[in-house]
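Undergrad: Below you'll find the structure I mean.
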Amino acid sequence: MTLEVIPPPSTEDPMNRDTMAAVAGRSCPLHYRYAPSVFASKAPEHLSALDVLYVVGGLYGNEAALERVVELFVRERGRARMVFNGDFHWFDADPAVFTRIQQSVMRFDALRGNVETELADENADADAGCGCAYPDWVGDQVVERSNRIHKALRRCVTPDQQHELRSLPMWLRADVGPLRLGVVHGDAQSLAGWGFAQEHLRDAAHREAVKRWFDEADVHAFASTHTCLPVFQRLASKQDHARWVFNNGAAGMPNFQGDAAGLITRIARTPFTGPERRFGVFECGVHIDAIAIETDTTAWQTQFQQLWPEGSDAHASYFNRIQHGPAYQLQDAVRQEEN
């Protein structure tokens, strides 16, 4: 996860994490990694031939947002599934709230993000800290605060809950109509990868590397989160269809300046007709839309400040974004790379 800082992309290879110091919150553990070729497989039966798929990334312990997502999902018709693709815990540093979040999420399909992976680790002194693998443009103070937030969250998790989190996969395959999809927390190589960050996707050389991931993965699209700002990036392709990265940003926090809503990705054979649709694209006969998760802003801010009052780490890192949104605009979220 990151904050609203949006610098130009680094000229260095963003995926060369082995050159990064093994500092808690910046390192990328080897067990987070997988090859893009793992996606060149059939979707499991319960995630194949779907009419509707909700991908809910970055809930961050926002209970009101979770309730709203479920309300929207139960209205869907046809063969529908919902996947929480990681970091559904974060601000819920209260045992009762933490338990309610986990119980609700476990009713659906789920991946573990870096937050859940490190919560599941029985070694409280593990080197990964929050496991965010923050890039170098994120300041050290932000990283240190995230590590302390994670330590506070660890006090809420029970051994049984740790076992549940350890059982969750790092990635999934799903098919919506003819659209072959890889569902990840980070990117096509790592649970905490930043390869699908909107910052990196601005860089043409990096997009070429992402295309090579697609060649290995044999999917039409990836649905991701982790980097906390939304982007639907089209990648040019010599095939008869484009390739897409669908990063929903955050379901539990604002994604655009002046817009308090979280976002999820809805992938469906039928269009979404409600006012919650913020933007979307159409590919392979399938509608892919970013759906706003609108809640009582005042109530959520009050609950947040009860758990994280002024002066706390989460308040310092996130409350300005929760109040005003990040320095990011709606028109930046859909990007087309022509063939």
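Undergrad: Within the bounds of the range 256-268, is there any residue that is under 19 Å from the mean Cα position of the chain (by Cα), modelled with pLDDT of 95 or more, in a loop (DSSP other than H, G, I, E, B) and closer than 25 Å to L111 by Cα?
TA: Checked the range 256-268: at least one residue is under 19 Å from the mean Cα position of the chain (by Cα), modelled with pLDDT of 95 or more, in a loop (DSSP other than H, G, I, E, B) and closer than 25 Å to L111 by Cα.
Undergrad: Quick one: count up the residues across the range 188-234 that are of a type outside the set (A, V, I, L, M), outside any helix (DSSP H, G or I) and either farther than 23 Å from A250 by Cα or within 16 Å of the chain's Cα centre (by Cα) (or both).
TA: Qualifying residue count for the region: 16.
Undergrad: If you check R212 against the conditions, is it farther than 22 Å from A80 by Cα, in contact with a Lys or Arg (Cβ under 8 Å, 6 or more places away or on another chain) and of a type in the set (D, E, K, R)?
TA: Judged against the criteria, R212 is not a match.
Undergrad: Output yes when any residue across the range 293-313 is in contact with a Phe, Trp or Tyr (Cβ under 7 Å, 6 or more places away or on another chain) and among the small types (G, A, S), and no when none is.
TA: No, the range 293-313 contains no residue that is in contact with a Phe, Trp or Tyr (Cβ under 7 Å, 6 or more places away or on another chain) and among the small types (G, A, S).
Undergrad: Here's something else I'd like to know. Determine which member of the set V184, V245, V157 is among the hydrophobic types (A, V, I, L, M, F, W, C) and surrounded by fewer than 24 Cβ atoms within 10 Å (Cβ to Cβ).
TA: Going through V184, V245, V157 in turn, the sole match is V157.
Undergrad: Which residue pairs have Cβ atoms closer than 8 Å, lie 6 or more positions apart in sequence or on different chains, and pair a first residue in the range 292-316 that is surrounded by 14 or more Cβ atoms within 10 Å (Cβ to Cβ) with a second residue that is polar (S, T, N, Q)?
TA: T295/N62; W300/N62; Q301/Q323; D313/S146; H315/Q305
Undergrad: If you don't mind, there's one more thing I want to ask. Need the failing condition index for T225 against (1) touching a helix residue (DSSP H, G or I) at 6+ places or on another chain (Cβ under 7 Å); (2) more than 17 Å from Q336 (Cα to Cα), just the number.
TA: T225 satisfies every listed condition except (1).
Undergrad: Same structure again: Can you tell me which condition S237 does not meet? The list is (1) buried (at least 22 other Cβ atoms within 10 Å of the Cβ); (2) outside any strand (DSSP E or B), and all the others hold.
TA: Result: S237 fails condition (1) only.
Undergrad: Taking the range 248-277 as the search range and keeping residues that are without any contact (Cβ under 8 Å) to a residue 60 or more places away in the chain and surrounded by 18 or more Cβ atoms within 10 Å (Cβ to Cβ), which one is nearest to G182 (Cα to Cα)?
TA: My answer is L263.
Undergrad: Please go through the range 160-181 and give me each residue that is more than 18 Å from the chain's Cα centre (by Cα), surrounded by 15 or more Cβ atoms within 10 Å (Cβ to Cβ) and over 22 Å from I288 (Cβ atoms), ordered by number.
TA: Listed by number, the residues that qualify are Q161, Q162, E164.
Undergrad: Next question, about the same structure. Any chance you could count how many residues in the range 212-222 are out of contact with any helix residue (DSSP H, G or I) (no Cβ under 7 Å at 6 or more places or on another chain) and buried (at least 16 other Cβ atoms within 10 Å of the Cβ)?
TA: Matching residues across the range 212-222 total 4.
The values are calculated or read from the model by the stated rules, or taken from the named source; none is laboratory data. What you see is a predicted model, and the numbers here were worked out from it, not measured in a lab. Every residue, glycine among them, receives a Cβ derived from its backbone with ideal geometry; neighbour counts consider all protein chains shown.
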